[in-house]
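The values are calculated or read from the model by the stated rules, or taken from the named source; none is laboratory data. Here the structure is a predicted model, which is why all the values come from computation and not from measurement. FYI the Cβ positions are ideal-geometry reconstructions off the backbone, even for glycines, and counts take in every protein chain you see. Keep in mind that these areas ignore ligands, DNA and RNA; they rest on the heavy atoms of the full protein, side chains included. Shrake-Rupley method; radii C 1.70, N 1.55, O 1.52, S 1.80 Å.
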Amino acid sequence: MSKHRKEMQPYWRPNFVNQAELPDIKVIRTGFIINFFAVTLTLCVAFLLLQREYRSYTLRQTISQMQQQVRVADADDVENLKQSEKFRQSAQYVVEVQQFFDAPLLAHEFLLDLSLLKPDDLIFQSVSLSESITKQGNQNVVSYVININGNAKNLTVLDDFKQLLEEDALLQIEGFVVEIDETLQGRDEKTGIFPYRLGISLTPGKTAAATKEGDAS
């Protein structure tokens, strides 16, 4: 045995410390930090996914509600269009009635007075009243035309009836000029009558009486 070797002395007491059970006292625990970031990243990704799914769900619900509203509104729109068409047709009737009352002659009164003026030898087959737009200067005015078709038993009766119309107050309408023209066809050999057409035009303008009064003044 070497004389330099020191003799080992036993410890004065036994060491009962279990190294495996002692806590980790390192200043920085890298495993904990890595786990913390991993969990945080997972939670962020999960939150973003949940938020995206929630937005998608909300958008689908909104689209579904809007589609339902559109389906309900389609039925209402169809009904509104039907009502609008009925109203338009009714309004057209109102316009026609207004035009009828705006005319210088009332049809039923005119026919009654016309029948009272009609000579016995003159026959009416049809009487019509129509209106048209004519231009006077820079303005558009409404003119009226009365057509009378029928048969005359002799040549002079139509002239007499025309003279009666010119002199009677029936066609003396304020603000209108009256013109009457006649068309007499040849005599029918079987019946011995003369077919005729009488045209009466009412054009807005100064009457002859009004013109004379203006000239006299």
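Quick one: how many residues across the range 169-202 are under 23 Å from Leu106 (Cα atoms) and either out of contact with any strand residue (DSSP E or B) (no Cβ under 7 Å at 6 or more places or on another chain) or aromatic (Phe, Trp, Tyr) (or both)?
Within the range 169-202, residues that are under 23 Å from Leu106 (Cα atoms) and either out of contact with any strand residue (DSSP E or B) (no Cβ under 7 Å at 6 or more places or on another chain) or aromatic (Phe, Trp, Tyr) (or both) number 5.
Within the range 135-169, track down each residue that is exposed (fewer than 13 other Cβ atoms within 10 Å of the Cβ) and in a strand (DSSP E or B).
Of everything in the range 135-169, those that are exposed (fewer than 13 other Cβ atoms within 10 Å of the Cβ) and in a strand (DSSP E or B) turn out to be Lys135, Gln136, Gln139, Asn140.
For the condition touching a residue at least 24 places away in the same chain (Cβ under 8 Å), within 22 Å of Ser115 (Cβ to Cβ) and not hydrophobic (A, V, I, L, M, F, W, C), what is the one hit in Gln172, Gln136, Gln163?
Gln172
Could you please give the count of residues in the range 108-126 that are assigned to a helix (DSSP H, G or I), open to solvent by 60 Å² or more (accessible area, probe 1.4 Å) and hydrophobic (A, V, I, L, M, F, W, C)?
3
Taking the range 78-99 only, how many residues are closer than 25 Å to Leu129 by Cβ, modelled with pLDDT of 70 or more and open to solvent by 100 Å² or more (accessible area, probe 1.4 Å)?
0
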